[in-house]
Structures are given as C-alpha cells and as structure tokens.
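**Student:** Take this structure first; my questions come after.
The values are calculated or read from the model by the stated rules, or taken from the named source; none is laboratory data. Computed from a predicted model, the values in this text were never measured in an experiment. Please note: Cβ atoms are built from the backbone with ideal geometry, for glycine as well, and neighbour counts cover all protein chains shown. Keep in mind that these areas ignore ligands, DNA and RNA; they rest on the heavy atoms of the full protein, side chains included. Shrake-Rupley method; radii C 1.70, N 1.55, O 1.52, S 1.80 Å.
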Amino acid sequence: MDDHGHDHSHADHGHGHSHGYGHAHGPASYDRAFAIGIGLNLVFIAAETVFGFAANSLALLADAAHNLSDVRRLALAWGAAWLARRKADNAPDLRLPPRLDPRRRRQCHPADGGDRRHPGGSGAAVSEPQRSRAAR
C-alpha cells in the first residue's frame with residue numbers, strides 16, 4: 001500500500017492525483033462587499049442619529065459614533081485591498097540605498113585599488129617611523 005492512502009499505482013493510467021480536497025478561491029475583488037457594508041452602516045448610522053436625537057438617547061448616539069468608526073475601518077481595509085491589487089511596477093522602491101544596505105554594497109577587490117575604507121591604498125597602516133625607514 002502507498003503512503004498516501006490507496007493501494008493502486010498511478011503509472012498505468014493518466015489521471016491526476018486529486019482526492020477531491022480542493023479549495024475555493026474568493027472573488028478577485030471585494031469592492032462590492034466593501035461598498036455594501038459601508039453603505040448599510042451609513043444608513044444605520046443616519047437612522048440611529050435621527051432617532052437618538054428624537055428620543056434624547058445617548059445610547060443610540062454613542063452607538064452611531066461607534067458604527068462611524070467601523071465605517072472608517074472598513075474604508076481603510078477597502079483602501080488596503082485596493083493597494084494590494086496594484087501592480088508591483090507601480091510600487092516605489094523602498095529599499096535602502098546601496099551604501100547603507102550590506103547586501104547591495106559593492107565588494108572590495110585588490111584590483112580596484114585596495115580597501116574601500118582607506119581610499120589611498122591597500123588599507124595597510126604605515127606608521128611614521130616605517131615611512132622614514134622606507135624613504136632612506
């Protein structure tokens with residue numbers, strides 16, 4: 001018996017290896033759901049505000065204010081969903097500049113004139129007494 005639950009080979013017949021455990025994908029865009037949710041909440045906020053003032057009910061007015069914050073969050077989520085659908089070529093380059101990003105920093109090679117930390121040479125430290133001896 002195979003290790004995946006049934007005892008026949010797939011070598012002699014050409015069907016895919018599917019056991020019917022698919023997964024459903026959501027719609028390409030949730031714009032309609034966001035619009036309906038925001039619209040219904042705004043209608044409900046308007047009704048609660050009108051009846052809250054008419055009944056002199058602080059509870060209804062507080063709930064209307066709470067629902068208004070829900071509308072703001074729905075609008076923020078809708079904007080985030082819209083941004084997520086945008087193409088990557090429209091996205092700004094938010095990477096660090098190469099001089100600050102160690103992964104993009106130019107490598108130092110002896111053929112380039114030596115160590116980048118010491119632009120004047122190979123990076124070897126030469127003290128004053130060594131220079132004077134070399135000059136003799």
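**Student:** Name the residue, out of Asp101, Asp112, that is at pLDDT below 75 and surrounded by 10 or more Cβ atoms within 10 Å (Cβ to Cβ).
**Tutor:** Details: Asp101 fails: at pLDDT below 75.
One residue alone meets the criteria, Asp112.
**Student:** Look through Asn56, Asn67 and report the one residue that is more than 23 Å from the chain's Cα centre (by Cα) and either open to solvent by less than 70 Å² (accessible area, probe 1.4 Å) or modelled with pLDDT under 95 (or both).
**Tutor:** Answer to the check: Asn67.
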